[in-house]
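Worksheet: one structure, shown below.
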Amino acid sequence: MTSLLTFPKGGVHPPESKAQTSQLSIESMPVPDELELILGQHIGAPCTPTVAKRGEVNEGDIIGEVSKGLGVPLHSPVAGKVKDLGSSAHPMRVSSPSITIAVNHEAEPRRYQERDWHSYEPKELLGMVKDAGIIGIGGAGFPTHVKLSPPPDNPIDTLLLNGAECEPYITSDHRQMLEYAADIVEGAKIILKILGIKQCAIGIESNKPDAILAMTEAARAGSTADFSLSVKALTVKYPQGSEKQLIQAITGRKVPAMALPSAVGVVVHNVSTARAIRDAVVLGKPLCDKVVTIAGKGIARPANLLVKVGTKISDIVNYLGGLKPDLAKIVMGGPMMGFAVSNLEIPVTKTTSAILFLAADEIDTAPHSQCIRCGWCLDACPMGLEPKEIAIYVEAGRPQDTAQFGVFECFECGSCAYVCPAKRPIVQFVRLAKMKAKR
Amino acid sequence: MWTVVACLIPPLLLSVFVFGIQVLLITAVSVASCVAVEAASQKMLGRRVTVRDGSAVITGMLLAFVIPPGVSPLLPVLGAVMAIYIGKHVLGGIGYNIFNPALLGRAFLLATFPVAMTSAWLPPLKDIAVFSYLGEGINAVSTATPLAVIKEQGMAAFTEMFGSGASLYSSFFLGWRPGCIGETSGFLIVLGGLYLMYRKYITWHIPVSVIGTVALLSWIFAGDTYFTGDPLLAVLSGGVLLGAFYMANDYVTCPSNKISQLVYGVGIGALTVMIRLKGGYPEGICYAILLMNAMSPVLDGWFKPRRFAPPVGGGR
């Protein structure tokens, strides 16, 4: 294997904490009695419901659609009855409009037939991706078909698949790369055909040697005269899986501030998104389930669960044997970038990759103090920003003056807050600044 | 913070062996008053009392380290009020002080007690007789610091008093010379500083730029003709090592960006040599650091960290 690739500036090494679930196979969770599907699953305009209350739906039926603006349709993961068009608890927006479906457990699960996709035109394939409701399920939730239609003045030459999974605890991509390596490669080839290019590199952090091996073999088996796929082993360093850092590590190209990867001829997708694309095109299956890592010392049984989108945290907790008394904090997403939640009724969305039940000794509850200007955040920031200044300005009531320190280039990786000796919630200050400051 | 305290303990213990048990009393008074003033200031200003973070303990130790060993133990009490209350809490508490509190305390004492602060030196004990001063009292003003001798009496008198060559360097490096309580032992100061670097609490930028600049400029300008100065003597004879590793490095008062840290260090070195050679004081590191402290925010404004990549087409 060649030497490991990484990005040069900043980054941190939080404890990986992946051993709890990295050896656990993906397990299918039985469908609960009720699913709550949030209408705004993706970045862009939320869906409007296309079903009426008390209406019957079948598995895979479209239940929400975006009429104008950026977005993808929403499908029912199950057969059942529309119980309510109301709202659900949401980690960020407090509550969010949603569709509640009462599951019909009697209904036959839908069967999907494999079909050969090679004869389809790129445009048709792109339509299938959009119609299947696929968004960037690595976390950002950007509609995938938009990323697959780069502006014509930016010629694309490389597809990167992101299998870095640099967030501590999370192993859902790791397990999918082990168990569905061939599907991920198939998805990558579909993306290559849509983009009309040949090159794909799959970036995986070196703490997943088994996934590197599985993906290398699948990539070799899947490479043809038209498609050339390879695996690149990456140094274990957070945030290696950030889009701009991944592109720099693998291609050496730097995406300019405020620009998209297409500006340097690259398109990046998560490995699990590639798998969803494969399922959409080969099986005609819309995106309505999700592999979610459930970990932390506060849950009775950790697992990598395949759950239907819309499954509530409380159902997952019940299925896994309940909470443990030393639970201190529940986080949706990874510990670096995720959101603390205060409500077990929050449903899983297409972008949920983990739910962590952290015990007191897994988190830091010390109160934060004033900035001592040690400058550690400057060294940790992979974007070369000035996190301490942003935080000080927000604290002083001047969020509108933080653009000079690069607040809009910040992707909220949390490296600054991780190294801060004063335990300052810098990312929260940044989010506040973004909300209050105008570009 | 407590690691820094631990790193300051070996030079303190050595100082006890060199100057006598008196230094322990001065240091204890200094630390106790700094902690007391910190707690009182925070209470008075209605802030959370944070004396347990160790910050006031460090200030107390460093304040003791930069005053002569023969002064009255009441001096550090006054120094502590200036350092902690005026220098730190009136300006907004930890993180918002512009000047290094310990050095501000020293500057205050130097201005208000100029005689004691420039003459209460003790000669190093010849053999290990720690308790010898206890009987005689501490009024013996019997020596002068190396830099003062050089400044006031010239190099010949210095050589007569302290010797020359390898034995001079080694005794200075180990700490057997008159000077402030904590500044004499170059060896232990450097050792503690290297440990802090190894633990990644500090980086090389400030110590190297300060010491390098002092050595370089002293070599050029401190001799009778250009390029005949003694850089090693310049570094070992005053407070440069203590200043470079423990004072100039203070997170709050030094710049945060690496480039500005280098400029800051060079500025401290240059001002130190300038004050030593052209100014009224034999030693200049204290004022050099305080002056450059004032420049820290300006330097951080001039030298920004390099962004990942600029926006397309330059500016925003």
Quiz item: Only one of these conditions is not met by A:ASP210: (1) touching a helix residue (DSSP H, G or I) at 6+ places or on another chain (Cβ under 9 Å); (2) within 19 Å of A:ASN304 (Cβ to Cβ); (3) buried (at least 18 other Cβ atoms within 10 Å of the Cβ). Which number is it?
Solution: (3)
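Regarding A:VAL268, is this residue buried (at least 20 other Cβ atoms within 10 Å of the Cβ) and either of a type in the set (S, T, N, Q) or in contact with a helix residue (DSSP H, G or I) (Cβ under 6 Å, 6 or more places away or on another chain) (or both)? Write out each step before concluding.
Working: buried (at least 20 other Cβ atoms within 10 Å of the Cβ): yes; either of a type in the set (S, T, N, Q) or in contact with a helix residue (DSSP H, G or I) (Cβ under 6 Å, 6 or more places away or on another chain) (or both): yes.
It is true that A:VAL268 is buried (at least 20 other Cβ atoms within 10 Å of the Cβ) and either of a type in the set (S, T, N, Q) or in contact with a helix residue (DSSP H, G or I) (Cβ under 6 Å, 6 or more places away or on another chain) (or both).
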Quiz prompt | Of all residues in the range A:291-320 being in a loop (DSSP other than H, G, I, E, B) and buried (at least 24 other Cβ atoms within 10 Å of the Cβ), the one that is farthest from the chain's Cα centre (by Cα) | solution = A:GLY296
Quiz item: If you go through the range A:222-229 one residue at a time, do you hit one that is in contact (Cβ under 8 Å) with a residue 24 or more places away in the chain and farther than 26 Å from A:TYR120 by Cα?
Solution: no
Quiz item: Does the range B:297-305 contain any residue that is within 14 Å of chain A (Cβ to nearest Cβ), farther than 25 Å from B:CYS7 by Cβ, in a loop (DSSP other than H, G, I, E, B) and among the aliphatic types (A, V, I, L, M)?
Solution: no
Exercise. Please specify each residue of the range A:266-296 satisfying the condition of being touching a Lys or Arg at 6+ places or on another chain (Cβ under 7 Å) and either among the aliphatic types (A, V, I, L, M) or within 30 Å of A:ASP361 (Cβ to Cβ) (or both).
Key: A:VAL266, A:VAL267, A:VAL282, A:LEU287, A:LYS290, A:VAL291
Quiz item: Mind checking which residues of the range A:52-92 are surrounded by fewer than 16 Cβ atoms within 10 Å (Cβ to Cβ) and touching a residue at least 40 places away in the same chain (Cβ under 8 Å)?
Solution: A:ASN58, A:LEU70, A:MET92
Quiz item: Among A:ALA391, A:ALA417, which is the only one that is away from chain B (no Cβ under 14 Å), out of contact with any Asp or Glu (no Cβ under 9 Å at 6 or more places or on another chain), crowded, with 16+ Cβ neighbours inside 10 Å and not in a loop (DSSP other than H, G, I, E, B)?
Solution: A:ALA417
Quiz item: Right, B:VAL252: of a type in the set (Val, Ile, Thr) and closer than 24 Å to B:GLY92 by Cα or not?
Solution: yes
Quiz item: Quick one: would you say B:ALA56 is more than 14 Å from every other protein chain (Cβ to nearest Cβ), in a helix (DSSP H, G or I) and within 28 Å of B:ILE202 (Cα to Cα)?
Solution: no
Exercise. Looking for whichever is within 14 Å of chain A (Cβ to nearest Cβ), buried (at least 23 other Cβ atoms within 10 Å of the Cβ), more than 13 Å from the chain's Cα centre (by Cα) and modelled with pLDDT under 95 here; the options are B:SER256, B:SER260. Which one fits?
Key: B:SER256
Exercise. Sort out which residues of the range A:1-32 are surrounded by 17 or more Cβ atoms within 10 Å (Cβ to Cβ), over 24 Å from A:LEU356 (Cβ atoms) and among the β-branched types (Val, Ile, Thr), and write them in order of number.
Key: A:THR6
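Quick check, is A:PRO256 free of Cβ contacts under 8 Å to residues at least 24 places away in the same chain, within 14 Å of another protein chain (Cβ to nearest Cβ) and either touching a Gly at 6+ places or on another chain (Cβ under 9 Å) or more than 22 Å from A:PRO151 (Cβ to Cβ) (or both)?
yes
So which of B:LEU14, B:LEU63 is part of a helix (DSSP H, G or I) and within 16 Å of the chain's Cα centre (by Cα)?
Just one listed residue meets the conditions, B:LEU63.
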Exercise. Pairs only if they're at least six apart or on different chains, beta carbon under 8 angstrom, first in the range A:148-172 and within 21 Å of A:ILE194 (Cα to Cα), second assigned to a loop (DSSP other than H, G, I, E, B) and hydrophobic (A, V, I, L, M, F, W, C); list them, first residue then second.
Key: A:PRO150/A:ILE156; A:PRO150/A:LEU260; A:ILE156/A:ILE197; A:ASP157/A:ILE197; A:THR158/A:ILE197; A:LEU159/A:ILE197
Practice problem: Given the conditions (1) within 21 Å of A:LYS147 (Cα to Cα); (2) free of Cβ contacts under 8 Å to residues at least 60 places away in the same chain; (3) more than 14 Å from chain B (Cβ to nearest Cβ), report the number of the one that A:ILE299 does not fulfil. | Solution: (1)
Exercise. Please work out which residue is surrounded by the most Cβ atoms within 10 Å (Cβ to Cβ), limiting yourself to the range A:236-255 and to residues that are among the polar types (S, T, N, Q) and either modelled with pLDDT under 95 or farther than 17 Å from B:VAL312 by Cα (or both).
Key: A:GLN245
Exercise. Please state which one of B:ILE220, B:ILE211, B:ILE202, B:ILE206 is under 24 Å from B:SER170 (Cβ atoms) and not assigned by TED's automatic domain parsing to the domain that holds B:LEU103.
Key: B:ILE211
Quiz item: Which residues, taken from the range A:145-175, are in contact with an Asp or Glu (Cβ under 9 Å, 6 or more places away or on another chain) and β-branched (Val, Ile, Thr)?
Solution: A:THR171
Quiz item: Among the residues of the range A:176-187, how many are over 13 Å from A:VAL282 (Cβ atoms) and either touching an Asp or Glu at 6+ places or on another chain (Cβ under 8 Å) or buried (at least 24 other Cβ atoms within 10 Å of the Cβ) (or both)?
Solution: 4
Quiz item: Looking at the range A:363-384, which of its residues are of a type in the set (A, V, I, L, M, F, W, C) and either touching a His at 6+ places or on another chain (Cβ under 6 Å) or within 7 Å of another protein chain (Cβ to nearest Cβ) (or both)?
Solution: A:CYS371, A:ILE372, A:CYS374, A:LEU378, A:MET383
Exercise. Might you let me know whether the range B:18-39 holds any residue that is surrounded by fewer than 22 Cβ atoms within 10 Å (Cβ to Cβ), among the aromatic types (Phe, Trp, Tyr) and either assigned to a helix (DSSP H, G or I) or touching a strand residue (DSSP E or B) at 6+ places or on another chain (Cβ under 9 Å) (or both)?
Key: no
Quiz item: Within the range A:276-290, how many residues are part of a helix (DSSP H, G or I) and either β-branched (Val, Ile, Thr) or crowded, with 23+ Cβ neighbours inside 10 Å (or both)?
Solution: 6
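From B:SER164, B:SER132, B:SER185, which residue is hydroxyl-bearing (Ser, Thr, Tyr), out of contact with any Phe, Trp or Tyr (no Cβ under 6 Å at 6 or more places or on another chain) and at pLDDT 85 or above?
When all the criteria are applied, what remains is B:SER185.
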Quiz item: Considering the range A:400-414 alone, what residues qualify as being surrounded by fewer than 21 Cβ atoms within 10 Å (Cβ to Cβ), away from chain B (no Cβ under 11 Å) and either in a helix (DSSP H, G or I) or free of Cβ contacts under 8 Å to residues at least 12 places away in the same chain (or both)?
Solution: A:GLN400, A:ASP401
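The values are calculated or read from the model by the stated rules, or taken from the named source; none is laboratory data. What you see is a predicted model, and the numbers here were worked out from it, not measured in a lab. Positions of Cβ are generated from backbone atoms using ideal geometry, with glycine treated the same way; all protein chains shown enter the neighbour counts.
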